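Heads up, the thing below is written out as structure tokens.
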Amino acid sequence: MRLLLVEDEKKVARFIQKGLREEGFAVDLASDGETGLAMGLDGVHDLIILDIHLPKKNGLDVLKNLRRNRVSTPVLLLTVRAAIEDKVIGLDAGADDYLTKPFAFRELLARIRALLRRQTGTETPILKVADLTLDPARRLVFRGEKKIELTTKEFALLDYFMRNPDRVLTRTMIAEHVWDYDYDSMTNVIDVYVNYLRKKIDTDPEAKLIHTVRGVGYVMKVGDS
Ligand code: CA
């Protein structure tokens, strides 16, 4: 899952970005409204966290502009005032939820997860492919009875694979969803991480789930490629 954070207060931005990265999200950061709008219009993010009070262009204008351009990415607004008018204006402008500063990181995380669940429409958010299961909320992965320990990046990569079974995922698609703009496309970091993941979940060659699609990328599926 890749998020866009539009926040001009550097300390707050770094705190949120660090915390979300630790939870396995890829997080792009924009520190003013114009940059945030340009990045949001790319449409590659799963969710946008948007501060209202921003230099160059305020959050509500950014939001209206995104919606006018048919970007339907869920937006969580951050506001300092708990004024009813702010909330109403924000929701009218197309926001999906809002959070009043200061907030606890756990609350931000809970709201992000709720919005992402709503977006994917998963009632029971446990993902399953063959005997491999992943519980996004509790961050647990099992292959059969065996519990698998993954790093946050491996977990994010597996989560993306499991939300797209039987679908060929190119390196570009994987990079766009699991890595942020810091990703260097000249490196083979995706292949390296896929191999880490294989060593943990695909130890039985007869029952492997991640298959290489030569020259294209990878696909998660049951059976031979
Ligand atoms: Ca601000």
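The values are calculated or read from the model by the stated rules, or taken from the named source; none is laboratory data. These figures come from a predicted structure and were not determined experimentally. As a convention, Cβ positions derive from the backbone with ideal geometry for all residues, glycine included, and neighbour counts pool all protein chains shown. Areas reflect the complete protein model, heavy atoms only, side chains present, ligands, DNA and RNA absent. Shrake-Rupley method; radii C 1.70, N 1.55, O 1.52, S 1.80 Å.
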Original post:
On the given criteria, is N69 among the polar types (S, T, N, Q), farther than 14 Å from L4 by Cβ and open to solvent by less than 70 Å² (accessible area, probe 1.4 Å)?
Top reply: no
So, first residue under 21 Å from L116 (Cβ atoms) in the stretch 45-72, second residue among the hydrophobic types (A, V, I, L, M, F, W, C) and open to solvent by 30 Å² or more (accessible area, probe 1.4 Å), Cβ within less than 6 Å, six or more apart or across chains; the pairs are D46/M1
E7 meets each of (1) modelled with pLDDT under 95; (2) within 18 Å of the chain's Cα centre (by Cα) with one exception, condition (1)
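Need a quick list: helices (runs of 4 or more DSSP H) entirely within the stretch 139-219 having at least 3 residues that are free of Cβ contacts under 8 Å to residues at least 24 places away in the same chain.
In the stretch 139-219, the matching helices (runs of 4 or more DSSP H) lie at 189-201.
Yes/no matrix, rows are residues, columns are (1) assigned to a loop (DSSP other than H, G, I, E, B); (2) aliphatic (A, V, I, L, M); (3) touching a Leu at 6+ places or on another chain (Cβ under 8 Å):
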| site | (1), (2), (3) |
| --- | --- |
| E34 | no, no, no |
| L50 | no, yes, yes |
| K57 | yes, no, yes |
| L77 | no, yes, yes |
On the given criteria, is V71 more than 15 Å from the chain's Cα centre (by Cα) and assigned to a loop (DSSP other than H, G, I, E, B)? yes
Pairing a residue in the stretch 1-14 that is within 16 Å of K56 (Cα to Cα) and in a strand (DSSP E or B) with any residue that is open to solvent by 40 Å² or more (accessible area, probe 1.4 Å) and among the polar types (S, T, N, Q), where Cβ atoms lie under 8 Å and the two sit 6 or more apart in sequence or on different chains, gives V6/S31; V6/T35
Within the stretch 21-56, of all residues that are more than 16 Å from T73 (Cβ to Cβ) and away from the ligand (no atom under 16 Å from the Cβ), the one least open to solvent (accessible area, probe 1.4 Å) is G24
